[in-house]
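Novice: Pasting in a structure now, in structure tokens, and then I'll have a few things to ask.
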Amino acid sequence: QVQLVESGGGLVQPGGSLRLSCAASGISFSILNMKWYRQGPGKQRELVAFISRGSTTTYADSVKGRFTISRDNAKNTAYLQMNNLKPEDTAIYFCNANFAYNVYWGQGTQVTVSS
């Protein structure tokens, strides 16, 4: 059974940083393409960042230059480093993984940016 478990969310002041982690189990992590999505209050879920199994990365325009996605295949974990956080980054952040037509989701972790 494939499981994705996010951690690292919390309350941070504007301009602060957080690092989210997504630990995968039940599957060979190196074959997975990994994504981070977020869903803010009253908003649709949106794609924030993507890293392929070959470590190619892409980002939403709203987070370019502030967020960095990475992966550590030895630790079966993907990360989202978030710097210079803004109130509009407040959302539940979800980890997503796919291989071929199989798609997996984590349960989400809350990030709140507020003074």
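Novice: Being open to solvent by 20 Å² or more (accessible area, probe 1.4 Å), assigned to a strand (DSSP E or B) and of a type in the set (G, A, S) is the filter; apply it to region 19-30 and report the residue that is farthest from L4 (Cα to Cα). Show your work before the answer.
Specialist: Here is the first cut: in region 19-30, the residues open to solvent by 20 Å² or more (accessible area, probe 1.4 Å) are 19, 21, 23, 25-28, 30.
Cutting the leftovers down to assigned to a strand (DSSP E or B) gives us 19, 21, 23, 25.
Among the residues that remain, those that are also of a type in the set (G, A, S) are: 21, 23, 25.
Details: S21: 10, A23: 6, S25: 7 Å.
In this case the residue turns out to be S21.
Novice: Only residues that are open to solvent by 30 Å² or more (accessible area, probe 1.4 Å), at negative phi and not in a strand (DSSP E or B): list them for region 72-89, please.
Specialist: Scanning region 72-89 gives N73, A74, K75, N83, K86, P87, E88.
Novice: Answer yes or no: is there a residue in region 61-71 that is surrounded by fewer than 18 Cβ atoms within 10 Å (Cβ to Cβ), under 11 Å from C95 (Cα atoms) and not hydroxyl-bearing (S, T, Y). Write out each step before concluding.
Specialist: At the first step, the residues of region 61-71 found to be surrounded by fewer than 18 Cβ atoms within 10 Å (Cβ to Cβ) are 61-62, 64-66, 68, 70.
Filter again for under 11 Å from C95 (Cα atoms), leaving none.
Checking region 61-71: not a single residue is surrounded by fewer than 18 Cβ atoms within 10 Å (Cβ to Cβ), under 11 Å from C95 (Cα atoms) and not hydroxyl-bearing (S, T, Y).
Novice: For N33, only one of the following conditions fails: (1) more than 18 Å from I92 (Cβ to Cβ); (2) open to solvent by 70 Å² or more (accessible area, probe 1.4 Å). What is its number?
Specialist: Failing condition for N33: (2).
Novice: Checking the conditions here, which among G16, G54, G42, G108 is of a type outside the set (A, V, I, L, M, F, W, C), in contact with an Asp or Glu (Cβ under 8 Å, 6 or more places away or on another chain) and either without any contact (Cβ under 8 Å) to a residue 60 or more places away in the chain or open to solvent by less than 60 Å² (accessible area, probe 1.4 Å) (or both)?
Specialist: Values: G16 fails: in contact with an Asp or Glu (Cβ under 8 Å, 6 or more places away or on another chain); G54 fails: in contact with an Asp or Glu (Cβ under 8 Å, 6 or more places away or on another chain); G42 fails: in contact with an Asp or Glu (Cβ under 8 Å, 6 or more places away or on another chain).
Result: G108 is the single residue among G16, G54, G42, G108 that is of a type outside the set (A, V, I, L, M, F, W, C), in contact with an Asp or Glu (Cβ under 8 Å, 6 or more places away or on another chain) and either without any contact (Cβ under 8 Å) to a residue 60 or more places away in the chain or open to solvent by less than 60 Å² (accessible area, probe 1.4 Å) (or both).
Novice: Scan (1) hydrophobic (A, V, I, L, M, F, W, C); (2) under 25 Å from Q1 (Cα atoms); (3) surrounded by 17 or more Cβ atoms within 10 Å (Cβ to Cβ) for the single condition F99 breaks and write down its number.
Specialist: (3)
Novice: Related question: From (1) exposed (fewer than 15 other Cβ atoms within 10 Å of the Cβ); (2) under 16 Å from A23 (Cα atoms), pick out the condition that doesn't hold for Y93.
Specialist: (1)
The values are calculated or read from the model by the stated rules, or taken from the named source; none is laboratory data. Please read these numbers as outputs of a predicted model, since none were measured by experiment. Ideal geometry is used to build each Cβ from the backbone, glycine not excepted, and the neighbour counts take in all protein chains shown. Remember, those area values only see protein heavy atoms, side chains included, never the ligands or the DNA or RNA. Shrake-Rupley method; radii C 1.70, N 1.55, O 1.52, S 1.80 Å.
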